[in-house]
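Rule-based calculations on the coordinates, nothing more; no lab input. Fair warning: this is a prediction, and the values are worked out from it, not measured in the lab. With ideal geometry, Cβ positions are generated from the backbone for all residues, glycine too; neighbour counts draw on all protein chains shown.
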Amino acid sequence: MITIHTKEELKSITRTWQNERASVCLVPTMGYYHAGHEDLMRYGRTLADRLIVSLFVNPTQFSPSEDLDSYPRDHKRDTAIAEALGVDALFIPEPSDMYANDHATWVEVPEMGKLLCGAARPIHFRGVCTVCLKLFLLTKANYAVFGEKDWQQQAILRRMVRDLDVDISLHTRPTVRESDGLALSSRNVYLGSVERQEAPHIFKGLSLASSLVTQGETNAACLRDSVLQYWAKTIPHGRLDYLSVVDPESLAPLTEVTSPAIMACAIRLGTARLIDNILLPAPKRT
Ligand code: PAF
C-alpha cells in the first residue's frame, strides 16, 4: 500500500492506473476505523482492480460549534488496518491542500440537505457533497462505497451524482452493529458508561417501529409516538434531535407507510450525537 499526502501525488497515481486500464474504487472516510469501515473496504476490494481510501476529517462539513478538533484520530492504527485489508493507496491530505485559501465553489442539494440532520447541521451536506465530488474527480473512481448508517448522506450523494452526470457508481453497505444493536460509529468513543448502556435502545426503538408496521400500523405519527414512548423509558439521558419517517430516495416526510420507508433519527447522549435508521417494510396488503 502506498500512502499519499498531496493531490499532485494522487493525480500521478490515478494517471498510472488509467494507463493500466485498471478500474478504481474509492472508500471515502474520516478515519478512526471500526468494523463498519473495514466492511466498506473489504467490499470495495471486490468491486475494482484498485482500491483507494481517503482519510480526511473534512473541515467544511463541521460548523464552528462542532467536534472538528476533537474528532478521534489515529492515523497509525488506520494505516495498519487499511494495509491489512489490501488497500492499494491511502490518501491523507492536508486541509490546506484540499481547500485553497480562496476556495469559493460549493456543491449542494439544498432541499434534501435541509431535512433530517440538515436542520441541526445546516452546512454539513454542502461540505460532504463538495469534498466527495472533489474526491470523485481526483481519484477518477468508477465506484465509491458508503454506509447505510448515513442514509441521508448516501441519498444526497446519489442525487448529486445523478443531477451532475458524475460517471461513478455508488454502492451502499448495511450498517455494522455491536452485538447489542448499537450502530458502529467513530463517535461512540464519546459515550460514558451510562450513555453506552442506553445507546443500544436507539436501534431497539427503531426495530419496534418496524415490527409495528408488520403488525399493520402504517400511520407515521403513531409509529413515532410508540418509539418515543419506548425511548422515554429506556434512554432517559437522551435528547432527541429528530425522529422522522421519510421516503428512502427523496427523504420527503411521509404521513403513511405505503411502501418501504426510512425511519431515521438523531439523539444526543452526553457529548455524542448519534444517528441511526431502519428500513420499514412495506405493509402487508389486506
Ligand atoms: O461519512 C463520512 O465519513 C464523511 O461524511 C465522508 C463521506 C468521508 C465525507 O467527508
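Summary of values
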| item | result |
| --- | --- |
| Residue within the range 6-29 that is in a loop (DSSP other than H, G, I, E, B), closer than 21 Å to ALA141 by Cα, away from the ligand (no atom under 14 Å from the Cβ) and touching a Ser or Thr at 6+ places or on another chain (Cβ under 9 Å) present | yes |
| Any chance CYS117 is within 10 Å of the ligand (Cβ to nearest atom) and under 20 Å from ASN277 (Cβ atoms) | no |
| Any chance ARG158 is within 14 Å of the ligand (Cβ to nearest atom), of a type in the set (Lys, Arg) and within 20 Å of ASP276 (Cα to Cα) | yes |
| Residue count, the range 66-81 (criterion: more than 16 Å from LEU184 (Cβ to Cβ), of a type in the set (A, V, I, L, M, F, W, C) and assigned to a helix (DSSP H, G or I)) | 1 |
| Residues satisfying the stated conditions in the range 37-56, i.e. buried (at least 21 other Cβ atoms within 10 Å of the Cβ) and within 16 Å of the ligand (Cβ to nearest atom) | HIS37, LEU40, MET41, GLY44, LEU51, ILE52, VAL53, SER54, LEU55 |
| The lone exception for ALA84 - which of (1) crowded, with 20+ Cβ neighbours inside 10 Å; (2) more than 19 Å from the chain's Cα centre (by Cα); (3) not charged (D, E, K, R) it fails | (1) |
| Residue list for the range 137-151, filter: assigned to a helix (DSSP H, G or I), more than 16 Å from VAL87 (Cα to Cα) and either aliphatic (A, V, I, L, M) or in contact with a helix residue (DSSP H, G or I) (Cβ under 8 Å, 6 or more places away or on another chain) (or both) | LEU137, LEU138, GLU148, LYS149 |
| Residue check, VAL245 of a type in the set (Val, Ile, Thr), farther than 30 Å from THR130 by Cα and either out of contact with any Ser or Thr (no Cβ under 6 Å at 6 or more places or on another chain) or not in a helix (DSSP H, G or I) (or both) | no |
